[in-house]
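J.: Take this structure first; my questions come after.
Computed from the coordinates by the stated procedures, all read-outs in this text should not be read as laboratory data. Keep in mind that what you see is a predicted model, and the values were worked out from it rather than measured. Please note: Cβ atoms are built from the backbone with ideal geometry, for glycine as well, and neighbour counts cover all protein chains shown.
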Amino acid sequence: MRYSFVCKKSAESEKIKAQIIEKIKGSYDQKNPKVVFSIGGDGTVLDAVRKYLQIIDDIYIVAINTGSLGFYTEFLPENVDELINTLTEKKTFNSYPLLEIEANGEKEYALNEVTLSVHHHLFKGSVFIDEIFLMDVRANGICISTPSGSTAYNKSIGGAIMDTSVKAFQLALIAPFQTANQKMISPIVLSLGQEITIVPQNKYLDLTFDRVFISSENIAEIKVRLTNKTVKFLKNKGIKFAKRVNEKFIGKE
Ligand code: NAD
């Protein structure tokens, strides 16, 4: 088995990496792996997806948590032995879809979300769904998230948490400003096959795709859709969605 690592810079992560290298049968292949061990937190997972985006259909990620929250990282450092055994057995996966973002003829992808904002200014623009006008927006920004990304930035701005098996994506406003947007502050959930178009009025725009940030000028429109392209994560059989949400965000009274 060809394997590779994306590792958070920490002594614990390096220790786990060494343990895996000692136990795994196969060859280290940074360029063309079949399995990618992400050792760190959710940010490390996002880095791994970014790094292997070109071959994402052909790989799967094993996400081991040495970070704080760890929504994607189902495996714990103490599971390493068990984990190595799982690799040789019949495996099951969680498959999470990516968003595709098209602007000025360029395509980007995101596992969590894309955000649009304007540094220190109000974002102003119009939103269309399947080319039909929905609303004008004045807000700090717009966040469009996947089901697996719904528990990240989206959750902080009042978006709905989505079960990761739902094939849908959602748009939520970041700090909507007065008047028009007070009528429309609920997040909007759309299905696979639908398309959001945003026509910004601002000359300069800040865009994020998960951890990646870019500043752009003169973007005529931005199109966002959910794709059939997915990121495959080795599944840890024990953890169900509701349990994960409870453990990470709610906990016992
Ligand atoms: P970071 O180090 O600033 O941490 C962001 C936090 O978000 C971490 O605790 C991480 O575990 C958590 N997180 C990431 N993806 C998650 C998911 N799918 N479900 C639940 N929690 C998740 O940033 P990072 O580690 O580089 O992660 C980038 C992400 O940070 C972005 O994709 C965005 O979702 C999130 N973010 C959130 C806010 C906010 O909540 N106000 C603002 C900016 C970015």
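J.: If you wrap a convex hull around the C-alpha atoms of segment 5-72 and split its volume per residue, what is the figure in Å³? Don't jump to the answer; show the numbers that get you there.
T.: On the way: hull volume 5.4 nm³, N = 68.
Roughly 79 Å³ of hull volume per residue.
J.: To the nearest 20 Debye, how big is the dipole of the chain about its Cα centre, given +1 on the beta carbon of each Lys and Arg and -1 on that of each Asp and Glu?
T.: Values: 32 positive and 29 negative charges, 113 e Å.
That gives a dipole near 540 debye.
J.: Ranking request for peptides 142-150, 203-211: highest mean number of other beta-carbon atoms within 10 Å first, then the rest in descending order.
T.: 142-150, 203-211
J.: Taking each pair of distinct Cα atoms in segment 98-229 once, what is the resulting Kirkwood hydrodynamic radius in Å?
T.: On the way: mean 1/r = 0.0693 Å⁻¹.
About 14.4 Å for segment 98-229.
J.: A follow-up question, please. Between segment 193-253 and segment 99-143, what's the alpha-carbon centroid distance in Å?
T.: 12
J.: Can you list, bin by bin at 5 Å, the percent of alpha carbon pairs in segment 143-200, starting at 0?
T.: Spelled out bin by bin, segment 143-200 gives 4, 20, 28, 24, 16, 6, 2, 0 percent.
J.: Hey, which of these cross-link pairs are over 18 Å Cα-Cα: 8/237; 155/248; 9/51; 124/223; 107/155? Don't skip to the answer; put the middle values down first.
T.: Working: 8/237 25 Å; 155/248 13 Å; 9/51 16 Å; 124/223 16 Å; 107/155 25 Å.
From the list (8/237; 155/248; 9/51; 124/223; 107/155), the Cα-Cα distance tops 18 Å for 8/237; 107/155.
J.: Most mobile of 199, 49, 137 per a Gaussian network model of the chain (Cα springs, under 10 Å)?
T.: Residue with maximal mean-square fluctuation among 199, 49, 137: 199.
J.: How high is the relative contact order of segment 1-160, in percent, counting Cα pairs under 8 Å that sit 6 or more residues apart? Don't jump to the answer; show the numbers that get you there.
T.: Details: 242 pairs, mean separation 24.3, N = 160.
Contact order relative to length: 15 percent.
J.: Let me ask something else. Give me the Å³ per residue figure for the convex hull around the C-alpha atoms of the chain.
T.: Values: hull volume 35.8 nm³, N = 253.
With only Cα atoms used, the chain gives 142 Å³ per residue.
J.: Hey, another quick one. Write down the Kirkwood hydrodynamic radius of segment 1-128, to one decimal in angstroms, obtained as one divided by the mean of 1/r over all alpha carbon pairs. Could you put the intermediate results ahead of the total?
T.: Values: mean 1/r = 0.0614 Å⁻¹.
Kirkwood hydrodynamic radius for segment 1-128: 16.3 Å.
J.: Just name one of 64, 137, 154: the one whose Cα is farthest towards the positive end of the charge dipole of the chain (beta-carbon charges, Lys/Arg +1, Asp/Glu -1).
T.: 64
J.: Restricting to Cα pairs below 8 Å that are 6+ residues apart, what does the relative contact order work out to for segment 98-229? Please round to a whole percent.
T.: Values: 335 pairs, mean separation 41.7, N = 132.
Reported relative contact order: 32 percent.
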